[in-house]
1. Does any residue of the stretch 247-260 turn out to be open to solvent by 10 Å² or more (accessible area, probe 1.4 Å), in contact with a Cys (Cβ under 6 Å, 6 or more places away or on another chain) and either closer than 30 Å to Ala87 by Cα or free of Cβ contacts under 8 Å to residues at least 12 places away in the same chain (or both)?
2. Restricting to the stretch 46-85, name every residue that is within 23 Å of Pro29 (Cβ to Cβ) and hydroxyl-bearing (Ser, Thr, Tyr).
3. Taking the stretch 134-165, which residues are outside any helix (DSSP H, G or I) and closer than 24 Å to Thr80 by Cβ?
4. Looking only at the stretch 166-197, how many residues end up being of a type outside the set (A, V, I, L, M, F, W, C), more than 24 Å from Thr80 (Cα to Cα) and either surrounded by 15 or more Cβ atoms within 10 Å (Cβ to Cβ) or at pLDDT 95 or above (or both)?
5. Go through Lys79, Lys28 for me and flag whichever is assigned to a helix (DSSP H, G or I), open to solvent by 20 Å² or more (accessible area, probe 1.4 Å) and under 27 Å from Val194 (Cα atoms).
6. Can you run down the residue pairs with Cβ atoms below 7 Å, 6 or more apart or on separate chains, where the first is in the stretch 282-297 and without any contact (Cβ under 8 Å) to a residue 40 or more places away in the chain and the partner is among the aromatic types (Phe, Trp, Tyr) and open to solvent by less than 20 Å² (accessible area, probe 1.4 Å)?
7. Looking at (1) within 16 Å of ligand 2 (Cβ to nearest atom); (2) in a loop (DSSP other than H, G, I, E, B); (3) free of Cβ contacts under 8 Å to residues at least 24 places away in the same chain, find the lone condition where Val194 falls short.
8. Is it fair to say Thr80 is out of contact with any Cys (no Cβ under 9 Å at 6 or more places or on another chain) and more than 16 Å from ligand 2 (Cβ to nearest atom)?
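The values are calculated or read from the model by the stated rules, or taken from the named source; none is laboratory data. This structure is a prediction, so every number in the text was calculated from the model and none was measured. Positions of Cβ are generated from backbone atoms using ideal geometry, with glycine treated the same way; all protein chains shown enter the neighbour counts. Surface accessibility is based on the protein's heavy atoms, side chains included, excluding ligands, DNA and RNA. Shrake-Rupley method; radii C 1.70, N 1.55, O 1.52, S 1.80 Å.
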Amino acid sequence: MNQEQKTLLTGIKPTGTPHVGNFLGAIKPAIKMVHDYEKSFLFIADYHALNTVQDGARLHDLSLSIAATWLACGLDPSKTVLYRQSAVPEVFELETILNAITPKGWMNKAHAYKAALDVNEAAGRDRDDGVSMGLYTYPILMAADILLYSADIVPVGKDQQQHVEIARDIAQRFNHTFNSESLVLPGAFIQEEVESVPGVDGRKMSKSYDNVIPLFATNDEWKKVINRIPTDSSSVEEPKDLSNCVIFDIFKSLAPVDTTEALKARLEAGGIGWGEVKAQLLEVLESEFGQYRDRYNEFMANPAEIERILAEGAAQAKAVARQKLDEVRTVIGA
Ligand code: ADP
Ligand code: TRP
């Protein structure tokens, strides 16, 4: 099968507002990638988020915010089906069917569950403390998300690779058990070449480290975040040491190459202070991300329009999902 005939699908958990690392590492490449596929599905994994976000108003707001983010960043809803996971409940029926053929041992080995056990053990707590069944069976719902739409390619971050492999194993096991070819075997697409954007403390930018530069913020908010970036005490005149220089590393990953080269030359020559570098970083944020921020704010001011797009997407997704679920029901004898 040509790539052009294949289906791409990915899900985003609405657990927080996105940062510039998410944009450069996931959102921008995915929006570019959909053009190479015949069909593409992008959904808001609200029932996956339910494991951690247990506040109705907040889950609702975060879901709208994720939809607005992707739309603002250029996702074309006439080309990509954009929907809420929960708007197509067929996925939960498929999950129940997949539960019956998935060995419990596969879940015991899943990273997210194992990580929770490790934290509990290190803290001397009961190993299953705080572990919900939703977290335990997380990979089965994710498999249902993928298999219901016959996705061939699933672009994800490295941390999700194992989950896509589990989905593939579940599909294989289902097909073997029922002597069918109903479920398409998916593969993960991991963007290896995307460099990790550093956060304001120099570690990888991540919402778990509280070191992010938000994608959508006012200039004042961006300024405050930039002021958290540590710099050495060299004077304006001194040439700057750019090895292990957090502010330069952040600048480099956000700015166009020629802007970075120009700044590098000035820093190495001396005669520019950190205050000016911070001001330049703010300019880069504005010029690189300001347009997305403005569009995001327009969408968020018009939630009815977001809901309209999501409802249209859900109707299209449901048509595909219904057909696959009916096929699976027939195969299992329901
Ligand atoms: P976070 O670490 O903030 O929780 P997620 O794990 O939700 O981010 O990541 C969502 C997507 O964004 C993934 O595809 C991941 O590879 C990408 N991503 C996250 N942080 C960065 C970063 N600092 N640099 C590049 N890509 C990133
Ligand atoms: N588990 C993914 C994450 O945490 C989100 C997700 C849910 C997903 N279902 C999916 C991703 C299906 C790809 C395909 O990022």
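1. Scanning the stretch 247-260, I find no residue that is open to solvent by 10 Å² or more (accessible area, probe 1.4 Å), in contact with a Cys (Cβ under 6 Å, 6 or more places away or on another chain) and either closer than 30 Å to Ala87 by Cα or free of Cβ contacts under 8 Å to residues at least 12 places away in the same chain (or both), so the answer is no.
2. Ser63, Ser65, Thr69, Ser78, Thr80, Tyr83
3. Matches in the stretch 134-165: Leu148, Tyr149, Ser150, Ala151, Asp152, Ile153, Val154, Pro155, Val156, Gly157.
4. 9
5. Among Lys79, Lys28, only Lys28 is assigned to a helix (DSSP H, G or I), open to solvent by 20 Å² or more (accessible area, probe 1.4 Å) and under 27 Å from Val194 (Cα atoms).
6. Cβ pairs passing all conditions: Val284/Phe251.
7. Against the list (1) within 16 Å of ligand 2 (Cβ to nearest atom); (2) in a loop (DSSP other than H, G, I, E, B); (3) free of Cβ contacts under 8 Å to residues at least 24 places away in the same chain, Val194 comes up short only on (3).
8. no
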